[in-house]
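Structure first, commentary second.
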Amino acid sequence: MTFDAFFRLAVQTVTRPREVAALLVSLDLSREALLTAFALVIVLNTLFFGMTQLVVPDGSLLMPVMQDPVMFGVSLSLTLGALIFALTACGRAFQGVADLSQMALLIIWMQALRAVLQAVVLLLAPVSLFLSGVLVTAATVVGIWILVHFIDVAHGIGSLLKAGVVLLLAVVGMMLALTMIFSLLGVSPSGGAL
């Protein structure tokens, strides 16, 4: 994919998320391609996160475990994996039809866009922390709106309200699963060992 095609698809994701979701769902990527793309977005997001920590070193609002880029990458991998499974399972509970690979591709695409956002924040943060904060907040709201459309199209639910419920249930399920996983690993919410 060329940079121009990536940029156009990124803009269409915001302006016409349903069309982009249908396009992504129609792709039949191999498991190897999905795993490679998953690893790439994890590495890019972790890299930009680490660079942002260098530019804006005050990480007092972050849990200690999240101040380490390696732990951030591990946590992001676990979080996205759990989210993919949760969105697939919760969608199926509403007679949804998306499979794991389709949902994974949608989440991977959103994380690719997140990596671009983090790069912009990295450039903007030294100029204005306020503007970078506004950008992150706006992107979060738009991201939720896009994800609800993605869920609706991928699962074929036919209702944004039901898709929103699927997202809510998936996030709750993901949080419970991650709490159990981190407890088994001996990591407390504060980042220290239990």
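The values are calculated or read from the model by the stated rules, or taken from the named source; none is laboratory data. All figures in this text were calculated on a predicted structure; none of them were measured in a lab. Glycine also receives a Cβ, built like all others from the backbone with ideal geometry; neighbour counts cover every protein chain displayed. To get the accessible areas, we keep the full protein, side chains included, count just its heavy atoms, and leave off ligands, DNA and RNA. Shrake-Rupley method; radii C 1.70, N 1.55, O 1.52, S 1.80 Å.
Listed here are the residues, each with its yes/no results for (1) surrounded by 12 or more Cβ atoms within 10 Å (Cβ to Cβ); (2) under 15 Å from ILE108 (Cα atoms); (3) touching a residue at least 40 places away in the same chain (Cβ under 8 Å); (4) not hydrophobic (A, V, I, L, M, F, W, C).
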| position | (1), (2), (3), (4) |
| --- | --- |
| THR2 | no, no, no, yes |
| VAL14 | yes, no, yes, no |
| VAL25 | yes, yes, yes, no |
| SER30 | no, yes, no, yes |
| VAL41 | yes, yes, yes, no |
| LEU44 | yes, yes, yes, no |
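For ALA93, state whether it is among the aliphatic types (A, V, I, L, M), modelled with pLDDT under 95 and open to solvent by less than 40 Å² (accessible area, probe 1.4 Å).
So ALA93 does not fit the description; no.
Just to be sure before I move on: is ALA10 modelled with pLDDT of 85 or more and surrounded by fewer than 13 Cβ atoms within 10 Å (Cβ to Cβ) in the structure I sent?
No; evaluated as a whole, the condition is false for this residue.
Quickly run through segment 124-158 and pick out the residues that are of a type in the set (S, T, N, Q) and surrounded by fewer than 16 Cβ atoms within 10 Å (Cβ to Cβ).
Once the filter is applied, which keeps residues that are of a type in the set (S, T, N, Q) and surrounded by fewer than 16 Cβ atoms within 10 Å (Cβ to Cβ), segment 124-158 yields SER128, THR137, THR140.
Of the residues GLY73, GLY91, which is in contact with a helix residue (DSSP H, G or I) (Cβ under 7 Å, 6 or more places away or on another chain), in contact (Cβ under 8 Å) with a residue 24 or more places away in the chain and under 16 Å from THR52 (Cα atoms)?
Every option except GLY73 fails the conditions.
Could you identify the single residue in THR36, THR137, THR52 that is at pLDDT below 85, hydroxyl-bearing (Ser, Thr, Tyr) and in a helix (DSSP H, G or I)?
THR52
Quick check: is even one residue across segment 142-164 among the β-branched types (Val, Ile, Thr) and either more than 25 Å from ALA37 (Cβ to Cβ) or not in a helix (DSSP H, G or I) (or both)?
Checking segment 142-164: at least one residue is among the β-branched types (Val, Ile, Thr) and either more than 25 Å from ALA37 (Cβ to Cβ) or not in a helix (DSSP H, G or I) (or both).
Could you tell me whether LEU61 is out of contact with any helix residue (DSSP H, G or I) (no Cβ under 7 Å at 6 or more places or on another chain), open to solvent by 30 Å² or more (accessible area, probe 1.4 Å), at pLDDT below 90 and at negative phi?
Spelling it out, LEU61 is indeed out of contact with any helix residue (DSSP H, G or I) (no Cβ under 7 Å at 6 or more places or on another chain), open to solvent by 30 Å² or more (accessible area, probe 1.4 Å), at pLDDT below 90 and at negative phi.
Of all residues in segment 1-33 being small (Gly, Ala, Ser) and part of a helix (DSSP H, G or I), which is farthest from LEU100 (Cα to Cα)?
Here the residue is ALA5.
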